[in-house]
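The values are calculated or read from the model by the stated rules, or taken from the named source; none is laboratory data. All values derive from a computational prediction rather than experimental measurement. Because the Cβ atoms are built from the backbone with ideal geometry, glycine has one as well, and the counts that use them run over all protein chains shown. Each accessible area value is taken on the protein alone, full model and side chains, heavy atoms only, with ligands, DNA and RNA left out. Shrake-Rupley method; radii C 1.70, N 1.55, O 1.52, S 1.80 Å.
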Amino acid sequence: MLTQISPHVYILPFDSQRDRPNLGYIHGEKFSILVDAGNSRAHLNAMLEAVDEAGLPKPEIALITHWHWDHTFGMHAFSGTTMTQTKTNEILSILTKWEWKPEAMDERLKTGEECEFCDTHMKIEYDDITDIKVVRADIEFDGNLTLNLGSVTVEVTPIANPHSDDGAVVFVQEDKVLFAGDADTGDFYKLDGGYDADKFYDYITTVDKIPYATYIHGHLAPMTRTEVSALRKEIGETDL
Ligand SMILES: [Zn+2]
């Protein structure tokens, strides 16, 4: 079931057991969009059913925050248009060539191309891992992007962050809601969940210039600015 965050914003809440992140829905008068496409066809469909049950219009665009599997592996099943920054599409291009068989997955764990946490959760989400399908987004952008949905404005800003080499935050101007992808989290691919301190401080300095009131991290409950500061303080004390 969807949770309403603000007049135009809803989420399908995260599920840690299956590593399903929060999926966003932004309701415009002209058209509506999804923020991230989920980790599988099943996850995407759960979102689309929840949108339908809430009596809201079908989303026409799925905007992707970053390349990680839990945000992108539902893209192939989306009948609308998918959109992401060029950098994310470049990384997805590499993943489209990956084979989804146990031997190939084991090999990628050995070479470090895949992370243990992702491998484990993919096997929980998928009964049959050969069902995994990776595609590139239909539309890519390089730099900032503004979407006028009708009565609501969405500003997309690529920001360097400690979590992945790509990454864009999505700000819903009228509602002051920010979707951050997983940007505050460490890097599971290169640093085993650890943090690059410079990237972390650069990220928080940049993102905090955006006048958000509600901050939506991919795998946490929505936070106020005060709660975000407390989380960052904790990260600073324990992980940096
Ligand atoms: Zn991520």
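Scan the stretch 34-61 and report the pairs whose first residue is among the charged types (D, E, K, R) and whose second residue is crowded, with 19+ Cβ neighbours inside 10 Å and in a helix (DSSP H, G or I), with Cβ atoms within less than 8 Å and a gap of 6+ or a chain change.
Close Cβ pairs (under 8 Å, with a partner that is crowded, with 19+ Cβ neighbours inside 10 Å and in a helix (DSSP H, G or I)) amount to 36/71; 36/72; 58/48; 58/51.
Show me the strands (runs of 3 or more DSSP E) found entirely inside the stretch 128-206 where at least 1 residues are within 13 Å of the ligand (Cβ to nearest atom) and crowded, with 19+ Cβ neighbours inside 10 Å. Full working, then the answer.
Values: elements: 139-141, 145-148, 153-158, 168-172, 177-179.
So the answer is 168-172, 177-179.
Need pairs with beta-carbon distance below 8 Å; first residue touching a residue at least 40 places away in the same chain (Cβ under 8 Å) and of a type in the set (Gly, Ala, Ser) and within the stretch 187-205, second open to solvent by 30 Å² or more (accessible area, probe 1.4 Å) and assigned to a helix (DSSP H, G or I); sequence gap 6+ or separate chains.
Pairs that qualify, where the first residue is touching a residue at least 40 places away in the same chain (Cβ under 8 Å) and of a type in the set (Gly, Ala, Ser) and the partner is open to solvent by 30 Å² or more (accessible area, probe 1.4 Å) and assigned to a helix (DSSP H, G or I), are 193/117.
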